[in-house]
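First the structure, in the form of structure tokens, and then the observations on it.
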Amino acid sequence: MIYMFLANGFEEVEALAPLDLLRRAGCNVTTVGVGGGDTVVGAHGIAVGVDIPDTMFHDSKPEMVILPGGMPGTRHLDESRTVDAALRVAINSGAYVAAICAAPMVLGKRGYLRGKNAVCFPGFEEYLEGAILQPKGVKVVTDGKIITAVGMGAAVDFGLALVEALKGKDVATALRSTILAD
């Protein structure tokens, strides 16, 4: 199963564009609301219903864990024991872990980016402990099972990178063409 964790204050486009692309590609994605409840509110006031609250999350072998950025959403993700447990299980089981914008800091603070090529929203680099930071202009980076992206402007490319990781390059390329992203 693929899980996208959403916390109040998440960046809407960074969550919904990749979610849409994954589902278009036939991926089964479950949205998990951090902090309980059936709805989370994004950083710009857009309310989004979630599939399950974090209290219902339990998976000993997820296929992928996705963290959208935004503030204060990223801070809420970072403080969540459920997110922490999900990341630990994903990393230990060899699943994909993906984060965009400020959310790579959640990975970096836990040491998951050590020795990995990564990007984040400018100003959050200090939290990417041990990461090999990529030069300005690189928007999305896949390094093994870790996928990071810089922010909202890269949300479609981030989503397509997730599709490529899970479904292959041909599916991602076809989807890119279908949505006129070229």
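Odds and ends about this structure:
Residue-wise test of (1) more than 18 Å from Leu6 (Cα to Cα); (2) open to solvent by 30 Å² or more (accessible area, probe 1.4 Å); (3) more than 15 Å from the chain's Cα centre (by Cα); (4) at pLDDT 95 or above.
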position: Gly94; (1), (2), (3), (4): yes, yes, yes, yes
position: Lys109; (1), (2), (3), (4): yes, yes, yes, yes
position: Val150; (1), (2), (3), (4): no, yes, no, yes
position: Val163; (1), (2), (3), (4): yes, no, no, yes
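- Of the residues making up the range 113-153, those that are part of a loop (DSSP other than H, G, I, E, B), under 14 Å from Thr74 (Cβ atoms) and hydrophobic (A, V, I, L, M, F, W, C) are Cys120, Phe121, Phe124, Leu128, Val150.
- Hey, Val89 within 30 Å of Gly137 (Cβ to Cβ) and out of contact with any Gly (no Cβ under 6 Å at 6 or more places or on another chain) or not: no
- The range 65-77 residues that are surrounded by fewer than 24 Cβ atoms within 10 Å (Cβ to Cβ), paired with ones that are β-branched (Val, Ile, Thr) (beta carbon under 7 Å, 6 or more apart): His76/Val34
- Of the residues contained in the range 81-91, one or more are found to be farther than 21 Å from Leu160 by Cβ, open to solvent by 50 Å² or more (accessible area, probe 1.4 Å) and not β-branched (Val, Ile, Thr).
- Taken over the range 1-41, residues that are among the charged types (D, E, K, R) and free of Cβ contacts under 8 Å to residues at least 12 places away in the same chain amount to 1.
The values are calculated or read from the model by the stated rules, or taken from the named source; none is laboratory data. Note that the structure is predicted; figures quoted are calculated from it, not measured. Reconstructed Cβ throughout: ideal geometry from the backbone, glycine too, with neighbour counts over all protein chains shown. Protein only, heavy atoms only, side chains kept; ligands, DNA and RNA dropped before computing areas. Shrake-Rupley method; radii C 1.70, N 1.55, O 1.52, S 1.80 Å.
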